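Peer 1: The structure's right below; bear with me while I get my questions together.
The values are calculated or read from the model by the stated rules, or taken from the named source; none is laboratory data. These numbers come from a predicted model, not from an experiment. So basically every Cβ, Gly included, is an ideal-geometry build from the backbone, and we count neighbours across all protein chains shown.
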Amino acid sequence: MDGLDLIKTFREVAFRRSFSRAAISLGMSKATVSRYVAELETRSGVRLLNRSTRSLSLTDAGQVLLDRSTQLVTMAENTLNDLQAHGSHPRGRLRMSAPHGLIAGWLSDVIAGFIKLYPDVYVSLVFTNDNLDLIEEGIDIHLTGGRIDDMNLIVRRLVQFDMVVCATPAYWAQRGMPQTPEDLGRHDVLSFSAKPTTHLPFETDGKPYDVPVHSRMEANDAVALIELALRGVGVAYVPEPLAQSHLERGALVPVLREHMPREHWLYAAYSQRRHNSAAMRAMLDFLEQSMGALAEGPALPPQQPVHMAPTTCALSKAPDVARATASAGRTDKQPPR
């Protein structure tokens, strides 16, 4: 065993706070993991871990090693990967996870293009809205539009997207179009919240604030909310790419665009301790390039005013639909909190 293997094993134990969980993550026996850490302590001449029957913690020396070894391990792994990449070809199984509704947006086009370009790669997709341990679940790449709290993951920004408030023309004609976010308080909202009353985020003059609304139903899948909105039972507040096709053909009409929060991004997260295969690197690059191009999609057609029913007092004509804004970027650090 070389020193780098010992350090990598120690780091896994430190991150997991458990020999057993580290062994599962590394694909080793618990006894081997314990032996590696003991060997590292012998070579360094100091105790790195405080062990008890109930807990495991770092000594001061262990914390110093954990902090200072991060750059060393990353550099060594990147160098080895770069060397192996010469002459390599993307192949084998690539396991990805994403929220349930994402396949209805950009992802289906991207995955189809990747499969055609790399026929030797087998893509396995897992759709879930739950938090996953990428190592324990064997996930190579996790796609998410939400906050990522695991500081041990590398995160890339893929594409920026907008949120949209929308409903059918018939719904707006019957209930009246909201002119301010506060007007949504008199509407039936289809939301992600399990509570009868929830709050939706908006911005006015660059200042964020929440508006209380009445939720008629909740779901953990944006596509389900869109399907219910298409049937005229309420207002959906969802990522715009998932509703794009319905917005373009006028089946759903957006409102309050000038009040929607900005800086929503789709991220790709992956473990910095997992071997980055050629297939994984190819997918990350393909995601970044393809989604950047898809974000430049066609603008929505100008929306005609919705005519109110005779019994409904029209607030005003519907606002014009603005071009959906999106841009792509990349970062190898955590997204802004």
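Peer 1: Among the residues of the range 95-105, is any at pLDDT 90 or above, among the small types (Gly, Ala, Ser) and over 14 Å from the mean Cα position of the chain (by Cα)?
Peer 2: Checking the range 95-105: not a single residue is at pLDDT 90 or above, among the small types (Gly, Ala, Ser) and over 14 Å from the mean Cα position of the chain (by Cα).
Peer 1: Another question, if that's okay. Suppose we filter 17, 91 for residues that are exposed (fewer than 15 other Cβ atoms within 10 Å of the Cβ) and of a type in the set (D, E, K, R); which single one remains?
Peer 2: Just one listed residue meets the conditions, 17.
Peer 1: Please state which one of 10, 15 is touching a residue at least 60 places away in the same chain (Cβ under 8 Å), under 30 Å from residue 144 (Cα atoms) and aromatic (Phe, Trp, Tyr).
Peer 2: Testing whether each residue is touching a residue at least 60 places away in the same chain (Cβ under 8 Å), under 30 Å from residue 144 (Cα atoms) and aromatic (Phe, Trp, Tyr) leaves just 15.
Peer 1: Test of understanding: among 98, 38, 23, which residue is touching a strand residue (DSSP E or B) at 6+ places or on another chain (Cβ under 8 Å) and either free of Cβ contacts under 8 Å to residues at least 24 places away in the same chain or in the same structural domain as residue 128 (by TED's automatic domain parsing) (or both)?
Peer 2: None of the other options fit; the residue is 98.
Peer 1: Can you go through 140, 188, 109 and tell me which one is out of contact with any strand residue (DSSP E or B) (no Cβ under 6 Å at 6 or more places or on another chain) and either buried (at least 16 other Cβ atoms within 10 Å of the Cβ) or at pLDDT below 90 (or both)?
Peer 2: Answer to the selection: 109.
Peer 1: Specify the residue that is nearest to the chain's Cα centre (by Cα); the eligible residues are those in the range 146-161 that are under 22 Å from residue 221 (Cα atoms) and at pLDDT below 80.
Peer 2: 146
Peer 1: Could you check residue 45 against (1) among the small types (Gly, Ala, Ser); (2) over 17 Å from residue 152 (Cβ atoms); (3) under 30 Å from the mean Cα position of the chain (by Cα) and say which number it fails?
Peer 2: Failing condition for residue 45: (3).
Peer 1: A further question on this structure: Filter the range 239-267 down to the residues that are within 27 Å of residue 139 (Cα to Cα) and crowded, with 23+ Cβ neighbours inside 10 Å and list them by number.
Peer 2: Correct list: 241, 242, 266.
Peer 1: Related question: Only one residue in 247, 190, 228 is closer than 19 Å to residue 162 by Cβ and either in contact with a Pro (Cβ under 8 Å, 6 or more places away or on another chain) or in a helix (DSSP H, G or I) (or both), so which one is that?
Peer 2: 247 is the lone residue from the list that is closer than 19 Å to residue 162 by Cβ and either in contact with a Pro (Cβ under 8 Å, 6 or more places away or on another chain) or in a helix (DSSP H, G or I) (or both).
Peer 1: If you don't mind, there's one more thing I want to ask. Starting from residues that are polar (S, T, N, Q) and either modelled with pLDDT under 75 or surrounded by 13 or more Cβ atoms within 10 Å (Cβ to Cβ) (or both), keep the ones in the range 71-88 and report whichever is farthest from residue 283 (Cα to Cα).
Peer 2: Only one residue fits best here, namely 74.
Peer 1: Step by step: first the residues of the range 34-70, then only those that are among the β-branched types (Val, Ile, Thr) and within 15 Å of residue 18 (Cβ to Cβ), then the one that is modelled with the highest pLDDT. Which residue is that?
Peer 2: So the residue we want is 37.
Peer 1: Against the condition closer than 25 Å to residue 144 by Cα, free of Cβ contacts under 8 Å to residues at least 12 places away in the same chain and surrounded by 14 or more Cβ atoms within 10 Å (Cβ to Cβ), how does residue 203 come out, does it pass?
Peer 2: In short, no.
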